[in-house]
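Below is one structure, written out as structure tokens, with a few remarks after it.
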Amino acid sequence: MRKKSALLLVLLLAGIAAIFASGSEESTESGVKNLTVWRPQNTAEIEGWWSEMLEGFNEKYAGTYHVEQVTFPKGGSQGYEDKINTAVIAGSLPDLILVDGPAVATYAEAGIIIPMDEMITEESKADLLDSTLKQGSYDGKLYTLPLWESSVAIYYNKDILAEAGITVPERLEDAWTWDEFYEVVKALTTSEHYGCTMHTNSGQITYYYSPMLVQNGTDLISADGSTTKGYLDTEETVEFLTWLKRLYDEKLVNIEPTPTEFFDGKSAMLFSTCYQIATLQSTYPDLNWGVTYYPVSNDHVAGTPTGSWTIGITNKASDPEAAFVFADYMTNTEANMTGCPASGYLPPRKSSSEALTQYQEEPYKKFMEQLAETGVPRPRTPVWTVLNPTFGSVVTDVIMGADPYEKLAEAVEKIDSDYQMNYAD
Amino acid sequence: MKNAISLKRNCFDIVPYLFIAPALLVLASFIILPVIMAVRYSFYNFNMLRPDRISLIGVENYKNIITDDLFLTAIGNTFRYAFILVPIEVVVAFGLALLVNNSIRGISIYRIAYFSPMLTSMTVVSILWTFIYNPTPGQGLLNSFLANIGLAPCPFLRSADTALNSIVAMSVWQSAGNYMMIFLAGLQGVSTELYEAADIDGAGWWRKMRSITIPSLHNVFVFIVLMTTIAAMKMFTQSFVMTQGGPDNSTMTIVYYVYQQGLQFRNIGYASAASVIFFFIVLLLSTAIKKFVDSER
């Protein structure tokens, strides 16, 4: 009996040990350096591109480096962030992680990703578009390299606009002002279709609309990223909110837009990223559409959304130099040549913007122009994780009738107190 | 036999411990240990991304939480949700149980139908109902229906006035079937002799209900009220999937508040303190319900 129970205990312990022992092994067997990269899952095209690139890398560096990818469902982007959060606490971060542009500051401030300035060549750094260089930098150091870039513009249904006798701006300096945009949307709204489709998904609101605050002379947060007081809670922000609310109040824009209402002709215009071009070309070849610029303030100040996913080296990378070789491989001009068209996003480098001729032509041309001339990266602040959802709910709440002053005051309190709790020295 | 006696005598024998070991191990690692850690962290300033900078700050987190208007709103919303949901859910579940307790041919189809929403995960149900509650007539099922009978569209989840109630309605639909099953089991346990005796005494339907059915189901009622209350206090999925705590924080519940602070904003210390407060609220509430029920007897 004793023997049996002892045996049982041994078996039980062995089982537990087996569960916990199945962790990663950092083998350098036969001198091959193993690297791991974490990233959120994305569209089928992007998944395919990653697999191809990894295969190419492992072939090219066979015997020296071997890279494995681990993908996580995005889950409204929070699912992937949760994985990184827990890995930080458990000390189990991989060598490289994908970081969304505005999150660079948070991770850099916490020391989770390390600067690349000493590894990157001056030439490669100088080749980055201004907006991407800014996005990947924090406190004067470069932390991440961009896979691609993005911008937002207005897609329009040519048939509906022709019928309504509306012509669109063809030059950046002629972009519609907020008031002109409102008038156009109003003129385009009929019982058949909405004037425009706009985003009210609170996770994306900051990306889509925060440049409008900059156009209007304010911002989400101070330049050093430490306080929203005097920036977010200003008349300029309220003006923007009032302008946006009016579009919803007068039912010119669908409060709960369906994903395809523009494609189905149920909406005359679509306020969206360059990513839609690929969908329009492949899935809706019969739709007669064009692109025009993101609106400018009534004083004609321009400012447009930018930013996308970047790759960074973590503080747990066993060999940062090796990790950089991979980061560079995924983000250099050659990688852009296949990655940007596959993803449907824009080239983040000057060299690749020139080499990829399709980006100098319509419909991509206007997005590229905006990126080069008027791109406003989202604020680089460690308190981004609070700022982003908070601003998103201010916008949705105000649209639904909440008092803008009250909501902004609440938001400022929430964001600033988080900064004080975590980042103020 | 000799063996068995020696087992009894030796209180340090390993066998009984071995038997409870698997359960204890799971319980300890997933319940007991996290609870102890949460209580500990609630006294620290602990940001998830900076485990190196963790620092003891005493009751600072608690002070900040109880002065945070949003937390008070979350408590208010949670109680409002529970107070509206529990009576409706109990009445609906009991009513359904009475209906399907009849021995009509094919009644089991109804039992399955009422129970089936329970088999679907709350996440899936919430996504489906987001479509049903779509505020635009022609897109949302309910609003199309309202438009057809000539009523004005209702914003449902998009308005601070209606969002929480819309979630209550959906939640009742989702889980009433489950409690109906429990009521049904209770109803079928009530002795038929009592009803026969009542029939002889000339008691009507209502009299039988009041004097036989409801008193017989006393324990079932207590159980269901307790379970629905605790479930209501923990409400999270619906707010997370359907409204993200909005509009205007009208569906911000305590658990959503803890989630937002802890996982979204990464303030583990602060969120731990909030969940410790939440634990005491639920504990107090369940004790109060238990006391009330006991005093009734």
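When segment B:264-276 is filtered for residues that are in a helix (DSSP H, G or I), facing chain A (nearest Cβ under 10 Å) and either in contact (Cβ under 8 Å) with a residue 40 or more places away in the chain or crowded, with 24+ Cβ neighbours inside 10 Å (or both), the ones remaining, listed by number, are B:Ile268, B:Gly269, B:Tyr270.
Here B:Ile167, B:Ile182, B:Ile127 are screened, and the one residue that is open to solvent by 60 Å² or more (accessible area, probe 1.4 Å) and of a type in the set (Val, Ile, Thr) is B:Ile127. The set of residues in segment A:396-408 that are in a helix (DSSP H, G or I) and either within 11 Å of chain B (Cβ to nearest Cβ) or farther than 21 Å from B:Gln261 by Cα (or both) comprises A:Thr396, A:Asp397, A:Val398, A:Ile399, A:Pro404, A:Tyr405, A:Glu406, A:Lys407. Of the residues making up segment A:252-272, those that are in contact (Cβ under 8 Å) with a residue 60 or more places away in the chain, more than 22 Å from A:Thr167 (Cβ to Cβ), open to solvent by less than 70 Å² (accessible area, probe 1.4 Å) and touching a strand residue (DSSP E or B) at 6+ places or on another chain (Cβ under 9 Å) are A:Asn254, A:Pro257, A:Glu261. Note on segment A:239-251: residues that are at pLDDT below 95 and surrounded by 20 or more Cβ atoms within 10 Å (Cβ to Cβ) amount to 0.
Condition check ((1) over 21 Å from A:Ala278 (Cα atoms); (2) exposed (fewer than 13 other Cβ atoms within 10 Å of the Cβ); (3) out of contact with any strand residue (DSSP E or B) (no Cβ under 8 Å at 6 or more places or on another chain)) across all residues:
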{"position": "A:Val37", "(1), (2), (3)": "yes, no, no"}
{"position": "A:Gln41", "(1), (2), (3)": "no, no, no"}
{"position": "A:Ala44", "(1), (2), (3)": "no, yes, yes"}
{"position": "A:Glu55", "(1), (2), (3)": "yes, yes, yes"}
{"position": "A:Lys60", "(1), (2), (3)": "yes, yes, yes"}
{"position": "A:Phe72", "(1), (2), (3)": "yes, no, no"}
{"position": "A:Gly79", "(1), (2), (3)": "yes, no, no"}
{"position": "A:Asp82", "(1), (2), (3)": "yes, no, yes"}
{"position": "A:Val88", "(1), (2), (3)": "yes, no, yes"}
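For segment B:25-66, residues that are open to solvent by 90 Å² or more (accessible area, probe 1.4 Å), away from chain A (no Cβ under 11 Å) and more than 23 Å from the chain's Cα centre (by Cα) total 6.
Restricted to segment A:223-339, the set of strands (runs of 3 or more DSSP E) holding at least 3 residues that are within 30 Å of A:Met119 (Cα to Cα) and hydrophobic (A, V, I, L, M, F, W, C) comprises A:309-313. Scan segment A:349-369 for residues that are touching a helix residue (DSSP H, G or I) at 6+ places or on another chain (Cβ under 7 Å) and buried (at least 17 other Cβ atoms within 10 Å of the Cβ) and jot them down. Within segment A:349-369, A:Arg349, A:Ser351, A:Ser352, A:Ser353, A:Leu356, A:Tyr359, A:Pro363, A:Tyr364, A:Met368, A:Glu369 meet the criteria. As a summary of the residue check, A:Ala164 satisfies the conditions (1) at pLDDT 95 or above; (2) of a type in the set (A, V, I, L, M, F, W, C); (3) over 24 Å from the mean Cα position of the chain (by Cα) except for the one numbered (1). Determine whether A:Met337 is assigned by TED's automatic domain parsing to the domain that holds A:Gly101 and within 19 Å of the chain's Cα centre (by Cα). No; evaluated as a whole, the condition is false for this residue.
Of the listed requirements (1) open to solvent by less than 40 Å² (accessible area, probe 1.4 Å); (2) away from chain B (no Cβ under 14 Å), A:Gly392 misses just one: (2). Return a yes/no flag: does segment A:341-348 have any residue that is in contact with a Ser or Thr (Cβ under 8 Å, 6 or more places away or on another chain), in the same structural domain as A:Tyr61 (by TED's automatic domain parsing), farther than 19 Å from A:Leu35 by Cα and open to solvent by 10 Å² or more (accessible area, probe 1.4 Å). Taking every residue of segment A:341-348 in turn, at least one turns out to be in contact with a Ser or Thr (Cβ under 8 Å, 6 or more places away or on another chain), in the same structural domain as A:Tyr61 (by TED's automatic domain parsing), farther than 19 Å from A:Leu35 by Cα and open to solvent by 10 Å² or more (accessible area, probe 1.4 Å).
Residue-level check: of (1) crowded, with 20+ Cβ neighbours inside 10 Å; (2) touching a Phe, Trp or Tyr at 6+ places or on another chain (Cβ under 8 Å); (3) farther than 19 Å from A:Ser351 by Cβ, A:Pro169 misses just (1). Do you know which of the residues in segment A:409-425 that are without any contact (Cβ under 8 Å) to a residue 40 or more places away in the chain and facing chain B (nearest Cβ under 10 Å) is farthest from A:Thr106 (Cα to Cα)? For segment A:409-425, the residue satisfying everything is A:Glu410.
Identification of helices (runs of 4 or more DSSP H) wholly contained in segment A:66-152 with 1 or more residues that are aromatic (Phe, Trp, Tyr), within 20 Å of the chain's Cα centre (by Cα) and within 11 Å of chain B (Cβ to nearest Cβ) yields A:104-109.
Checking B:Ile112, B:Ile84 one by one, the residue that is in a helix (DSSP H, G or I), in contact (Cβ under 8 Å) with a residue 24 or more places away in the chain and either surrounded by 16 or more Cβ atoms within 10 Å (Cβ to Cβ) or among the aliphatic types (A, V, I, L, M) (or both) is B:Ile84 and no other. Looking across B:Tyr44, B:Tyr17, one residue alone is of a type in the set (Ser, Thr, Tyr) and in contact (Cβ under 8 Å) with a residue 40 or more places away in the chain. It is B:Tyr44.
Checking each residue in segment A:216-238 for being open to solvent by less than 30 Å² (accessible area, probe 1.4 Å), of a type outside the set (A, V, I, L, M, F, W, C) and within 20 Å of the chain's Cα centre (by Cα) picks out only A:Gly225. Checking each residue in segment B:67-78 for being in contact (Cβ under 8 Å) with a residue 24 or more places away in the chain and either open to solvent by 50 Å² or more (accessible area, probe 1.4 Å) or within 13 Å of A:Glu413 (Cα to Cα) (or both) picks out B:Leu70, B:Thr73. How about segment B:124-146: which of its residues are at the interface with chain A (Cβ under 10 Å from one of its Cβ atoms) and either over 22 Å from A:Thr197 (Cα atoms) or in a loop (DSSP other than H, G, I, E, B) (or both)? Correct list: B:Tyr133, B:Asn134, B:Pro135, B:Thr136, B:Gly138, B:Gln139. Checked against the criterion of being in contact with a Ser or Thr (Cβ under 7 Å, 6 or more places away or on another chain) and among the small types (Gly, Ala, Ser), the candidates A:Gly101, A:Gly140, A:Gly111, A:Gly91 yield just one match: A:Gly101. Within segment A:273-307, being of a type in the set (S, T, N, Q) and open to solvent by 10 Å² or more (accessible area, probe 1.4 Å) holds for A:Thr273, A:Gln276, A:Thr279, A:Gln281, A:Ser282, A:Thr283, A:Asn288, A:Asn298. Scanning segment A:171-215 for residues that are of a type in the set (Gly, Ala, Ser) and within 20 Å of the chain's Cα centre (by Cα) gives A:Ser202, A:Gly203, A:Ser210.
The values are calculated or read from the model by the stated rules, or taken from the named source; none is laboratory data. Note that the structure is predicted; figures quoted are calculated from it, not measured. FYI the Cβ positions are ideal-geometry reconstructions off the backbone, even for glycines, and counts take in every protein chain you see. Remember, those area values only see protein heavy atoms, side chains included, never the ligands or the DNA or RNA. Shrake-Rupley method; radii C 1.70, N 1.55, O 1.52, S 1.80 Å.
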